[in-house]
Structure formats: C-alpha cells, structure tokens
Amino acid sequence: MAKSVLSERKTLHPSELERRELPEAAGYAVRALANEIAVTVGMSPAIATTLGNPDLLHHIDTRFSELPEEVHRAMRAPATSAGVTIISRLPLSDDELGQTPVDWRQAAAWAGEPERAHSSFALDVSMLLLARCAGEPFGWQGQQGGRLVNNILPTPGHEQEQSGASSTTLLSPHTEDAFHPRRANLLMLGCLRNPDRVGTTVSSVRRVELSAAQQDRLSRPELPILPDVSYGTDFPEQQTPAIATLGSDDGRLTLRYDPAYTPLADADDEFRSAYDHLATELERVCITAALTPGELLLVDNDVVVHGRVPFTPRYDGTDRWLKRVNIRLPHRRRDASEAAETGYGQRVVAPFRMIRGNRT
Ligand SMILES: [Fe+2]
C-alpha cells in the first residue's frame, strides 16, 4: 500500500545546515598570508582587473598549502545531503571595506587603487587562497571581464534581472552556469557585508521526493539551458543541445537546473508536470541562510540550487556585498555526454590548471 508522502515530509530548519568554524588563529593566518602576498605582488589596476597576474597566481598556488590544517579541513566539500556548508569566522571589520561599489566594474577598479586604502584586493587574495584549499578556482572570459573573484552587488538598472546584480526580484533557484559543461563543482560565496540580513536560499536535490516515473523523465535529455544575462545577450548563434535535468554521481542524484533560462514551453505536458513537481520539492526543502560578514557559503553546485530573496537596495555605499569564486574539483566526474557540448562559446579562465600543466 502506498504510504502518504505528506506524512513523511518534514520541514528543514536552518540548524540543519552544516557549519564549520575557523579557529581564531586559523582565520588570522588566512588574512595574514593574503596580506603578505598582496604586499609582495603589489596592488595595481592591472593586477586587480582580472587577478590573472602570473606572479599573484604563483604565490597563491605555491603558498596555500602553508595555511593551517584547520583551514584545509574547513574548506573540504560539503559532507551532508544538504550539500552546503557555512564556514564562519574569517576575521573582517566593516571599517576596512570602504564603500560598497555599485557594480562589478567599479569593484574591480577600486580594488586596484592603493589610495582608497581598503582591503578589497587583500580579500580577493584571501578568497583565492581559501578556494584553492577546496579545489581549482576559475573564472569565465565572458563574465565580469574574466575576473577570478566576482563581486556580487545590487546594481542600479538591474534590479529585476535574473542575475547576481539584481535585488528587488526573487533570484530563482538555479544551478550556477547550468548551461555550461564546465560549470563549477563548488561555488564559494564570501560575505563582506549584509546589513539587512538578506537570505541566500539553498535546496538539495538529495532531499526531494520524486516518483520513479518523474525521475526517469527528468533524467533524459529534453530541453536546452541557455546562458544567463550576466554573459550578455550577443552570444553567437550556437547549437542548443538538450540536457538532462537529473544525473547521478556514484548512484546519488545530481542536478542541472535553471528554469528561468529553460524553454519549458517547448516540452510536453508530462515533462512540464515532472519539472513543476521538482520545482515544488526544491521549494519544500529550501533552507535560507542570511550570511553575516566573515562567513563563507560553500555550495555543491552538482547537488544544490541556490537563489536569493528579494530586497530593497540602499545604493548608499553600505549595500550587501559578496565575493564569489567558482571552484573545480579535479576528482569529480560528470556524465560523458556533456563532453560534446560547446557551452555556447563561453570559455573558462582556469589558470590553476595551467600552472600544474593539466589542461584537461
Ligand atoms: Fe547564482
């Protein structure tokens, strides 16, 4: 006899988020090494624009292993079915940040201006060191000018967009860069400032309930996922391969999901119904995390979709400010069918693979 699904549902609580705390000395060690590298390499507009300077990358790649063992342990991939971890206590003071920039271009420009005397550049280096402990940080040529650390800021004129620059609209749950076969395995969001405690939402596919028929339908390639607006809209006419919404890694569910950029009207009723059910389930298992300064959210991008609740931007220099890094886990495999995808011509900037001579 079929059991009631409803009776087995349980509401998830923020306390179910996996939390890891950096011991005080370990947190200071990250900031100290980052400052030392920032001073050695020297802050300049040329370096801060993309952070692709070979000297800077060499320092990060050769010195991250010096960080205390507790840092390396804290930066391991999320270990529970929730697929997310909050790492707290990276030392940070609001005074050192200066004004929140209005967009990513201004953030990159200000990071390269020594006369501003704030620590955005040193924090970029901190983020790269932490991300390097987790895996291989990378960027995208077509996003934020190829910068290895993205700045997430509410930006005038983009309030309603489905991108990190938005504010007043709900940023729907999505897999980061779902359209691309080389999307990140892990996403790191570092909180510098979040005065209105704006929530980041996370939902794990490993906590949803689907029927066998729904799971089967969503596991077959059906519709493409198109690039999001942060890549611009003039990407060349490309083939639009159908991709599977659900996959598996060692028999455990994985997810590739971005409804805002999926042409659902092209699918039949059965598929849309299964997809809608998945959306409802992702909402049911959603956890909201309001990050505070010095906290990092590590998201397993193969398992978890993330979004953000709407908020009213301040535009007065005190707005929410996150730093975001894409991370590849070299040991993780994706479905072989993805290898043939072109990713709509979008290319990764992956210097840490090149440094070690491994370009695969
Ligand atoms: Fe995102």
* So, in segment 85-103, of the ones that are farther than 18 Å from A134 by Cβ and small (G, A, S), which residue ends up surrounded by the fewest Cβ atoms within 10 Å (Cβ to Cβ)? -> S93
* Asked: Among the residues of segment 44-54, which ones are surrounded by fewer than 18 Cβ atoms within 10 Å (Cβ to Cβ), more than 17 Å from R132 (Cα to Cα) and of a type outside the set (S, T, Y)?
  -> P45, A46
* **Output for segment 184-200, where each listed residue is hydrophobic (A, V, I, L, M, F, W, C), away from the ligand (no atom under 13 Å from the Cβ) and out of contact with any Asp or Glu (no Cβ under 9 Å at 6 or more places or on another chain)** => V198
* **Qualifying residue in segment 68-84 (condition: buried (at least 19 other Cβ atoms within 10 Å of the Cβ) and modelled with pLDDT under 95)** => yes
* Does segment 260-268 contain any residue that is surrounded by fewer than 20 Cβ atoms within 10 Å (Cβ to Cβ), within 29 Å of G146 (Cβ to Cβ), within 16 Å of the ligand (Cβ to nearest atom) and of a type outside the set (A, V, I, L, M)? -> yes
* So which residues in segment 310-332 are within 14 Å of I152 (Cβ to Cβ) and within 15 Å of the ligand (Cβ to nearest atom)? -> R320, L322, K323, R324, V325, N326
* Asked: So which residues in segment 55-67 are surrounded by fewer than 19 Cβ atoms within 10 Å (Cβ to Cβ) and free of Cβ contacts under 8 Å to residues at least 40 places away in the same chain, if there are any at all?
  -> D55, T62, S65, E66
* Examine segment 176-183 for a residue that is under 14 Å from the mean Cα position of the chain (by Cα), under 28 Å from R76 (Cα atoms) and away from the ligand (no atom under 14 Å from the Cβ), and state whether such a residue exists. => yes
* **Members of segment 112-130 found to be out of contact with any Gly (no Cβ under 9 Å at 6 or more places or on another chain) and either assigned to a helix (DSSP H, G or I) or crowded, with 24+ Cβ neighbours inside 10 Å (or both), listed by number** => E115, A122, D124, V125, L128, L129
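The values are calculated or read from the model by the stated rules, or taken from the named source; none is laboratory data. The shown structure was predicted, so the numbers you read here are calculated from the model rather than taken from an experiment. All Cβ positions, even for glycine, are placed from backbone atoms using ideal geometry, and neighbour counts span all protein chains on display.
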